[in-house]
Amino acid sequence: MKAGQPVLPLSGITVVSLEQAIAAPLASRHLADWGARVIKIERPGKGDFCRDYDYVMNGMSSQFAWTNRSKESLALDVKSDEGKEVLDALLPQADVFLQNLAPGAAKRLGLDAATLVERFPRLIACDISGYGSGGPYSQKKAYDLLVQCEAGFLSINGTQEQPAKCGIAVVDTATGMYIVNGVLMALFNRERTGKGMAFEVSLFDSMTEWMSYPAYYTEGAGKPLVRTGTRHATIAPYGPFKAGDGGVVFFGIQNEREWIALCAQVLGDAALASDPRFSSNPQRMQNRDVLEALIEQHFAKFSAAEVMQRLEDASIANANMNTVEAFLRHPQLHSRDRVRKVGSPNGPLTSFLPAIIIPGVSPVMGDIPAVGEHTETILAELGLSTKAQP
C-alpha cells in the first residue's frame, strides 16, 4: 500500500491457504488484492502443480500468474512433524483458512473446516471440494472440464453437431467467487458475533447455480435448450450477422422497443416490426432462420463498420468479435489504465486490475512469489527455527 493511501478493506486480515490449481488460489488472490495478507502453503520443491501448466509468461505458467499475485509462499510438508509444528503456530494468528486438498485428505490431517473452527473459534475456514460433502460423488476427484460435463454445461454449449467446453475455467472461476462471498459473509458475521465459521464450497454446487437458467428452462419447457453456437438459445435476433463487406457484426435485441428501433432505424423497414411472424420474441424464435436471412439482406447494403454505427445510433447493443490479441489492445482497457505489470521470479508480467473499483483506493497488485520465497521470514515471525523448514 502506498503512503497516504486509504486503508484497504481487508487490511489486517491474514489468510492461510493450503491451495493448488485454480479455484482456491483465485479466491485468495481476490482477498489479497484488497489488503489481506495471504500465506500460500505449497509443497516443498515443485510447489503448486499449477506452476507447471505452461511456461509461456517468461517461463512461468499463465494460469499461475493469473491466480497468485500479492501472496507469500510458505513451502511446507503439512504431513511432517515439522509441518504440523508450523501450522500449530500459524493457525492461531490466522483469520481465514482455505483448503482444496484431495477428497478426505484434510480431515485425515485434522485440517478440515469443522475441526479447525472447533480448535480456533474465531477462525473462518472453508473446505473446497469437487462435489461437496455427502452423496455418492463426495470422494470423487473433480476438475473444471469434468464438472462442466457432470453439470450438463457441455450439452448446451457448442453447435448442433458438436458440444464444446467453455474456453476458460468457468467452473473454477465460479467456485472462487463463491469462496470469496463466503469469506466476506463470515468476516461480517464475526464482527457481529465474535465467532468464526466453518463452511464449504464445491465446484459442482457452484456450477449448479450457474446452470439454473438452462435447468429451469428444460424443466418448464419439457425439452432442453438447443446448442446454437454463437447465437442465443432463446432470444432472437441475438448473435452474428454478416454485412455487405463480409464482416460479421454481433448484436442482441432484449425488448420490443429495441426490436422496433432495429426495424425502423437500422434496417429501414419499420413495417417489419409488426409482421406477425416476428412481433414477439417467441415468434421470432420460431421463425429465426427466415428473420436472420431478412436481416442479412438489409445488412448487405452496408459495411460491417456502417452496420455497427447504425446499431449504435439506434441504442442497440453490439460488439466486435475480437481475438484475444485484439482484446489485449482494447481501447477500453488502456484508456482507463486497467493493465499493470507485476513482479515475479522471472521478471515483470502483465496483469489486469481487479473488477471492483473503489474511488481513491488502489488494490495491492503485488509480486508473484517463488516456491518457498517467504518461508524463512514466516518461520522467524513465528519464533521457529529454520530446522522446521523442509
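The values are calculated or read from the model by the stated rules, or taken from the named source; none is laboratory data. Everything numeric in this text was worked out from a predicted model, so none of it was measured. No Cβ is skipped: glycine too gets one built from the backbone with ideal geometry, and neighbour counts run over all protein chains shown.
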Next item on the list: Would you mind listing the strands (runs of 3 or more DSSP E) fully within segment 50-137 where at least 3 residues are among the aliphatic types (A, V, I, L, M) and surrounded by 16 or more Cβ atoms within 10 Å (Cβ to Cβ)?
Entry: 124-129
Notebook entry, point to check: Right, Ser303: among the small types (Gly, Ala, Ser), more than 11 Å from Pro237 (Cβ to Cβ), in the same structural domain as Phe251 (by TED's automatic domain parsing) and surrounded by 12 or more Cβ atoms within 10 Å (Cβ to Cβ) or not?
Noted result: yes
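Let's see how each residue does on (1) out of contact with any Gly (no Cβ under 9 Å at 6 or more places or on another chain); (2) modelled with pLDDT under 95; (3) surrounded by fewer than 15 Cβ atoms within 10 Å (Cβ to Cβ); (4) over 18 Å from Arg69 (Cα atoms):
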| residue | (1), (2), (3), (4) |
| --- | --- |
| Gln309 | yes, no, yes, yes |
| Ala314 | yes, no, no, yes |
| Val339 | yes, yes, yes, no |
| Ile368 | no, no, no, no |
| Leu384 | yes, yes, no, yes |
| Lys387 | yes, yes, yes, yes |
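Of the residues that sit in segment 165-192 and are outside any helix (DSSP H, G or I) and without any contact (Cβ under 8 Å) to a residue 12 or more places away in the chain, which one is nearest to Cys126 (Cα to Cα)?
Filtering first and then ranking leaves Ile168.
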Next item on the list: Restrict the check to segment 280-288 and report whether at least one residue is buried (at least 16 other Cβ atoms within 10 Å of the Cβ), at pLDDT 95 or above and over 16 Å from Tyr238 (Cβ atoms).
Entry: no
Next item on the list: For Ser335, work out the one condition from (1) of a type outside the set (Lys, Arg); (2) over 30 Å from Ile368 (Cα atoms); (3) exposed (fewer than 15 other Cβ atoms within 10 Å of the Cβ) it doesn't fulfil.
Entry: (2)
Check: With respect to the numbered conditions (1) closer than 18 Å to Phe251 by Cα; (2) outside any helix (DSSP H, G or I), which one is the sole condition not fulfilled by Ser351?
Finding: (1)
Check: When you scan segment 196-252 for strands (runs of 3 or more DSSP E) that lie fully inside it, which ones turn up with 3 or more residues that are farther than 18 Å from Met321 by Cβ?
Finding: 197-202
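Listed residues Ala151, Ala164, Ala89; which is within 30 Å of His374 (Cα to Cα) and not aromatic (Phe, Trp, Tyr)?
The conditions single out Ala89.
Looking only at residues in segment 207-245 that are of a type in the set (A, V, I, L, M) and within 24 Å of Val147 (Cβ to Cβ), which one is surrounded by the most Cβ atoms within 10 Å (Cβ to Cβ)?
Of everything passing the filter in segment 207-245, Met207 is surrounded by the most Cβ atoms within 10 Å (Cβ to Cβ).
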Check: Would it be correct to say that Asp313 is closer than 30 Å to Ala273 by Cα and not basic (Lys, Arg)?
Finding: yes
Check: Can you tell me which residue in segment 307-332 is nearest to Thr230 (Cα to Cα), limited to those that are in contact (Cβ under 8 Å) with a residue 40 or more places away in the chain and part of a loop (DSSP other than H, G, I, E, B)?
Finding: Met321
Notebook entry, point to check: Does Leu10 count as of a type outside the set (D, E, K, R), in contact with a helix residue (DSSP H, G or I) (Cβ under 7 Å, 6 or more places away or on another chain), assigned to a loop (DSSP other than H, G, I, E, B) and modelled with pLDDT of 95 or more?
Noted result: yes
Note to self: Need pairs with beta-carbon distance below 6 Å; first residue closer than 15 Å to Pro276 by Cα and within segment 286-303, second assigned to a loop (DSSP other than H, G, I, E, B) and among the aliphatic types (A, V, I, L, M); sequence gap 6+ or separate chains.
What the structure shows: Arg288/Ala236
Notebook entry, point to check: Do you know which residues across segment 333-373 are free of Cβ contacts under 8 Å to residues at least 60 places away in the same chain and in contact with a Pro (Cβ under 7 Å, 6 or more places away or on another chain)?
Noted result: Lys341, Leu353
Check: Phe204: closer than 19 Å to Ile22 by Cα and surrounded by 14 or more Cβ atoms within 10 Å (Cβ to Cβ), yes or no?
Finding: yes
Notebook entry, point to check: Could you say whether any residue in segment 22-33 is surrounded by fewer than 23 Cβ atoms within 10 Å (Cβ to Cβ) and of a type in the set (Gly, Ala, Ser)?
Noted result: no
Checklist line | Members of segment 72-89 found to be basic (Lys, Arg) and in contact (Cβ under 8 Å) with a residue 12 or more places away in the chain, listed by number | finding: Lys79
Next item on the list: Those residues that are in contact with a helix residue (DSSP H, G or I) (Cβ under 9 Å, 6 or more places away or on another chain) and among the hydroxyl-bearing types (Ser, Thr, Tyr), I need them from segment 229-285; list them, please.
Entry: Thr234, Ser274, Ser279, Ser280
